[in-house]
Amino acid sequence: MAQSNHLIDLVHSRIDEFLETRLPIVTTISSDLTPLVEFSRQFLSGGKRFRALFCYWGWQSVGTGGSTGANGDSDHALTALVPVISAAAALEIFHAAALVHDDIIDNSDTRRGAASAHKLFEGMHGQSGWAGSQVAFGRAAGILLGDLLLGWSDELLDEGLAAAADASAAARARIEFNRMRTEVTVGQYLDIFEERAWFSQPETELFDRALRVIVFKSAKYSVQAPLVIGAALAGAGPDHLDALRAFGLPLGIAFQLRDDLLGVFGDASVTGKPSGDDLREGKRTVLVALARENLTDTARENLDALLGDPLLTEAQIGMLQRAIVDSGAVERIEALIDSNVAEALAALKGSPISGAVTTRLMELAETVTRRAF
């Protein structure tokens, strides 16, 4: 645990250091651009850093880079960690970019208990008394902030790859990062597509289609890709990468299934998002697909009519929550989480991953799938 905590501190420091180098580039153009860096700091200052941790333990699993622990304080130890710390930090900046864009797509007002990026820009517009629409300015500025963060994640990754001792391993890590970037983008498209096209699809396909969204929008980039990027950067061979993929994908699915439950039933004071937010946003999740299977015709029609209404009252949210619970969908999701975690842990048995790293991965599996935030 101490090693992981120190890793998180190093990632925090790397992000701060990187933003310091970008501040003069931006502010030299105009002082009006300062909020872009200030808001970037705000969105990168918190979070659970799961992606950074999976990247680091993927690196450690290989044993080459892994011989130098994150709790080492010598100059040599820290120098050896530069590639993976930069890659882990790049993943966190990419994640921040995805969240900024996701909040715009979902019309989410909050993120981690505070205003989302486009809402911050809206507020800045209103306080300054500028011309035009606050909402239009907020959305446009938020999109550009997300784009800027995407570019910065690439720049930071390249700095880490340039410091890698093995150029071919660095090239492999870049390929995996590029693949992740494509997959999460098309996964996001599939998410908004399913929210609008679900009614034209066969009822028997809704579960599989919702699961496909989970795989590409979240599971791969939250767990599997960070593991593989870290391991590839450390020089992992094909069998080793395949073992991490076999562990990472089902764990990533379980991670997102837990997130889907929290999106409907989570405590706003803990999650930082309004309770039932996914219901207001109309998310066609696996949870919703399973609930629809066992609801009466009347209850199903009611769910379909209300899902996606941004003006849902607390009473309506409560009614939908009860309907989902009564359908047995929550129990089925918990069973799916358990089965996917079991599949992930089974993939570690007989793998080339050391016992010490296996223990860390098992601890992370418990943390990401049993969390309440």
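If I filter the range 350-364 for residues that are at pLDDT below 95 and under 21 Å from Phe193 (Cα atoms), do I get at least one hit?
No - not one qualifying residue is present in the range 350-364.
Between residues in the range 54-67 that are under 13 Å from Ile85 (Cβ atoms) and open to solvent by less than 20 Å² (accessible area, probe 1.4 Å) and residues that are outside any helix (DSSP H, G or I) and modelled with pLDDT under 95, which pairs lie under 7 Å by C-beta distance while being six or more apart or on different chains?
If the second residue must be outside any helix (DSSP H, G or I) and modelled with pLDDT under 95, the pairs left are Tyr56/Ala70.
Under 6 Å by Cβ, and 6 or more places apart or on different chains, what pairs join a residue from the range 112-130 that is of a type in the set (A, V, I, L, M) with one that is open to solvent by less than 20 Å² (accessible area, probe 1.4 Å)?
Pairs found: Ala117/Val100; Ala117/Gly142; Ala117/Leu145.
Consider Ala169 carefully, then state whether it is touching a residue at least 40 places away in the same chain (Cβ under 8 Å), in contact with a Gly (Cβ under 6 Å, 6 or more places away or on another chain) and either at negative phi or surrounded by 19 or more Cβ atoms within 10 Å (Cβ to Cβ) (or both). Lay out the reasoning, then the answer.
Working: touching a residue at least 40 places away in the same chain (Cβ under 8 Å): yes; in contact with a Gly (Cβ under 6 Å, 6 or more places away or on another chain): yes; either at negative phi or surrounded by 19 or more Cβ atoms within 10 Å (Cβ to Cβ) (or both): yes.
So Ala169 fits the description; yes.
Applying the selection to the range 236-271, what residues are among the aromatic types (Phe, Trp, Tyr) and either closer than 24 Å to Ala329 by Cα or surrounded by fewer than 20 Cβ atoms within 10 Å (Cβ to Cβ) (or both)? It would help to see each step written out before you state the result.
Start the filter on the range 236-271 by keeping residues that are among the aromatic types (Phe, Trp, Tyr), which leaves 247, 255, 265.
Of everything in the range 236-271, those that are among the aromatic types (Phe, Trp, Tyr) and either closer than 24 Å to Ala329 by Cα or surrounded by fewer than 20 Cβ atoms within 10 Å (Cβ to Cβ) (or both) turn out to be Phe255, Phe265.
For the range 331-357, give me each residue that is under 30 Å from Asn294 (Cβ atoms) and among the β-branched types (Val, Ile, Thr).
Within the range 331-357, Ile333, Ile337, Val341 qualify.
Looking only at the range 10-53, count every residue that is under 21 Å from Asp102 (Cβ atoms), among the aliphatic types (A, V, I, L, M) and open to solvent by 20 Å² or more (accessible area, probe 1.4 Å) and tell me the total.
1
Restricting attention to the range 215-251, report how many residues are under 24 Å from Asp106 (Cα atoms) and assigned to a loop (DSSP other than H, G, I, E, B).
0
May I ask you to say which residue of Arg196, Arg212 is assigned to a helix (DSSP H, G or I), open to solvent by 20 Å² or more (accessible area, probe 1.4 Å) and within 30 Å of Thr358 (Cα to Cα)? So that I can check it myself, show each step before the final result.
Details: Arg196 fails: within 30 Å of Thr358 (Cα to Cα).
Residue meeting the stated conditions: Arg212.
From (1) of a type in the set (A, V, I, L, M, F, W, C); (2) open to solvent by 10 Å² or more (accessible area, probe 1.4 Å); (3) within 19 Å of the chain's Cα centre (by Cα), pick out the condition that doesn't hold for Trp130.
(3)
The rows are residues; the columns are (1) within 21 Å of Glu17 (Cβ to Cβ); (2) open to solvent by 20 Å² or more (accessible area, probe 1.4 Å); (3) part of a helix (DSSP H, G or I).
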residue	(1), (2), (3)
Asp103	no, no, yes
Phe121	no, no, yes
His125	no, no, yes
Gly138	no, no, yes
Leu148	yes, yes, yes
Ile175	no, yes, yes
Asn178	no, yes, yes
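Inside the range 215-233, can you point out the residues that are surrounded by fewer than 24 Cβ atoms within 10 Å (Cβ to Cβ) and among the aliphatic types (A, V, I, L, M)?
Val215
Go through (1) closer than 26 Å to Ser4 by Cβ; (2) open to solvent by 10 Å² or more (accessible area, probe 1.4 Å) for Ser339 and report which single condition fails.
(1)
Looking only at the range 306-332, count every residue that is open to solvent by less than 60 Å² (accessible area, probe 1.4 Å) and within 18 Å of Glu281 (Cβ to Cβ) and tell me the total. Before you say what the answer is, go through the steps one by one.
Kept after step one, since they are open to solvent by less than 60 Å² (accessible area, probe 1.4 Å), are these residues of the range 306-332: 306-309, 312, 316-318, 320-321, 323-324, 327-330.
Add one more test, that the residue is within 18 Å of Glu281 (Cβ to Cβ), and what stays is 306-309, 312, 316-318, 320-321, 323-324, 329.
Total satisfying the criteria: 13.
Can you list residue pairs whose Cβ atoms sit under 9 Å apart, with the first residue in the range 271-282 being over 12 Å from Asp260 (Cα atoms) and the second being of a type in the set (Ser, Thr, Tyr) and at pLDDT below 90? Count only pairs 6 or more apart in sequence or on different chains.
So the pair list comes out as Gly272/Thr110; Lys273/Thr110; Pro274/Thr110.
Within the range 272-297, work out how many residues are open to solvent by 30 Å² or more (accessible area, probe 1.4 Å) and β-branched (Val, Ile, Thr).
Matching residues across the range 272-297 total 1.
The values are calculated or read from the model by the stated rules, or taken from the named source; none is laboratory data. On a predicted model such as this, the values are computed, not experimentally measured, just so you know. Heads up, the Cβs are rebuilt from the backbone with ideal geometry, glycines too, and the neighbour counts pull from every protein chain shown. To get the accessible areas, we keep the full protein, side chains included, count just its heavy atoms, and leave off ligands, DNA and RNA. Shrake-Rupley method; radii C 1.70, N 1.55, O 1.52, S 1.80 Å.
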